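Here the structure is laid out as structure tokens; the discussion comes afterwards.
The values are calculated or read from the model by the stated rules, or taken from the named source; none is laboratory data. Keep in mind that this is a model prediction, so the values were computed, not measured. As a convention, Cβ positions derive from the backbone with ideal geometry for all residues, glycine included, and neighbour counts pool all protein chains shown. Note: areas computed on protein heavy atoms with side chains; ligands, DNA, RNA excluded. Shrake-Rupley method; radii C 1.70, N 1.55, O 1.52, S 1.80 Å.
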Amino acid sequence: MKFNLNLVLFSCLIVITSCNQKVTNQEDYVLYLNTDVNPDIEILQKDIQFWSDKLTAEPTQFPYLIKRSGVYAQLFSLTGDISFLIKAEDDGYKANDITNFNNVSYLKTLARIYISQHKFKEALSLLQKAEQIGDQLSGTQKMLFDVHLELGNSVIAESYLKKIKNNADFDFLIRMAKFKDHEGDLSSAITYMEKAKTIADASGLNGIKQWAYTNLADFYGHDGRISDSYNYFLKALQLDPNDAYAKKGIAWIAYSNDKNTNEAIRILNSILKYHRAPEYYLLLSEVAEHAENSIMANVALENYNKLLENKSYGDMYNKYQILILADQKDGKEKALELAKIEVENRPTAESYFLLAWSHFQNGAIEKAKSIALEYVDGKTSEPEVLYHLAEIYKANGDKDRVKPIKKELIGSLYELGPQMATKINQL
């Protein structure tokens with residue numbers, strides 16, 4: 001008997017996408033959605049006023065600048081409002097300027113802000129200066145690992161990981177988990193993150209417990225352990241009912257696993273009452289489009305675009321912008337321009353995939369394949385990247401490269417989302 005391979009693969013997709021067990025339960029988290037404001041924001045705003053008053057009374061007390069910078073950074077984290085991050089940067093830079101960039105603590109404060117802004121090379125320069133000074137060396141080395149990994153310098157990043165090795169240290173374990181995930185070793189990444197969670201639980205510190213829970217939830221989701229992922233997002237919300245990231249995680253489970261677009265939309269709208277980061281509007285647009293609510297999808301995308309009109313975001317959303325613009329007739333050249341900037345800023349496999357895709361969308365399919373083979377293939381296991389590679393290989397007639405990617409993508413439908421099922425089947 002002769003089998004139709006496409007039909008078999010499509011059947012596999014149907015099995016995977018229709019047999020998922022429902023995980024979310026509104027009763028578990030409904031209380032966390034009934035808020036229009038985050039009370040922590042008001043507390044932090046009072047802290048801003050406190051340090052501002054102190055500075056007015058004693059303008060030469062530059063440590064107050066660092067204190068206020070830290071509060072502004074927290075406000076950005078809670079609200080997604082880029083203006084707070086810019087103010088944090090201003091204060092951090094002023095404090096470093098006053099001290100001639102010779103205070104390790106201040107250097108690291110500004111480096112953290114640069115990392116949030118995706119200014120990784122600027123952060124690296126500050127951290128190298130801090131390393132030369134030598135104070136608080138272990139903390140500096142931890143941040144140097146972070147930045148080198150973001151810049152694609154895996155060998156250097158691993159060398160710093162060896163310098164800070166301590167299996168009883170939370171900071172080491174979470175970085176080891178991140179490195180293993182970067183290598184595509186999800187099982188080991190989960191093992192290290194679980195060890196970090198155990199230390200976080202014993203510490204009694206809600207901040208690191210919450211961080212461990214949400215990151216472990218992400219890893220469980222990547223591993224197909226959706227129920228475990230959901231439970232850890234709930235644990236994070238129990239610590240902080242306003243944790244936007246945890247709510248976003250639950251919204252994704254409702255959307256991608258439970259196929260409950262209405263519930264996902266409800267959760268996302270509850271977040272957007274007090275946390276208006278651009279990526280939340282993009283996700284809302286995707287979910288609404290899948291629900292065939294074109295009006296909501298367009299409004300959400302418009303809100304995203306309005307936010308990105310603010311040049312203060314810099315290169316933070318280049319990835320999103322490149323993928324959006326590359327699909328638009330009048331945006332392809334701009335996408336290519338941004339992709340070149342992204343590669344210059346951050347020469348990783350993920351950045352080169354954006355460059356390859358931009359060339360592909362501009363009609364240079366052979367050049368796209370050449371970039372993909374040299375800089376991307378075999379260097380990342382991110383499903384989103386793999387899908388775009390498969391499209392590039394398919395257009396170049398390279399079926400042998402498409403087949404194994406397609407097989408892997410079928411197992412990654414939860415991470416990619418329901419809209420991708422048909423696209424993957426058509427590879």
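Numbers for the structure displayed
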read-out	value
The chain: relative contact order in percent, alpha carbon pairs under 8 Å with at least 6 residues between	14
Where segment 281-415 is the region considered: accessible area per residue in Å², 1.4 Å probe	51
Neighbour net charge for Arg112 - beta-carbon separation under 13 angstrom, K R +1, D E -1	-2
Kirkwood-type radius of segment 168-247, with distances r between different C-alpha atoms, in Å	12.3
Accessible surface of segment 344-427 [probe 1.4 Å, protein heavy atoms]: carbon and sulfur percent	45
Computed [θ] at 222 nm, deg cm²/dmol, the chain (DSSP H ≥ 4; -39,500 (n - 2.57); rounded to nearest 500)	-23000 deg cm²/dmol
Taking segment 279-427 and dividing mean pair separation by its residue count, relative contact order in percent (alpha carbons under 8 Å, at least six apart)	14
Highest-fluctuation residue, Ser52, Ser412, Ser227 considered, GNM on the chain with Cα pairs under 10 Å	Ser52
With every protein chain in place, segment 254-341: carbon and sulfur % of accessible area (1.4 Å)	46
Carbon plus sulfur fraction of accessible area for segment 131-225, probe 1.4 Å, in percent	46
Kirkwood hydrodynamic radius over Cα pairs of the chain, then Stokes diffusion coefficient at 10 °C and 1.306 mPa s, in µm²/s	68
Radius 12 Å from Cβ of Ser358, net charge of other residues (Lys, Arg +1; Asp, Glu -1)	+1
Net charge of Cβ neighbours under 12 Å - reference Val23; Lys, Arg +1; Asp, Glu -1	-1
With Cα atoms, 0 to 90° folded angle of helix 399-410 axis to the chain main axis	60
Computed magnitude of the charge dipole of the chain (debye, nearest 20; Cβ of K, R +1, Cβ of D, E -1)	580
Dimensionless Rg over Rh [segment 15-104; C-alpha; Kirkwood]	1.27
Cα centroid separation - segment 390-417 against segment 116-150, whole Å	37
Potential lengthening between Glu292 and Ala364 on full extension [0.36 nm per residue; Cα-Cα distance subtracted]	22.6 nm
For the chain, built as a Gaussian network whose Cα springs stay under 10 Å, the top-fluctuating residue of Phe179, Phe219, Phe50	Phe50
log10 of Debye I(q)/I(0), alpha-carbon scatterers only, for segment 291-374 at 0.17, 0.18 Å⁻¹	-0.72, -0.78
Distance from segment 304-357 to segment 36-105 (C-alpha centre basis), Å	30
24 Å Cα cut-off, lysine pairs counted over segment 237-323 (separation 8 or more, or different chains)	13
Mean separation of Cα contacts under 8 Å (6+ apart) over length of segment 108-165, as relative contact order %	28
Ranking by accessible area, most exposed first, for Lys235, Lys94, Lys209 with a 1.4 Å probe	Lys94, Lys235, Lys209
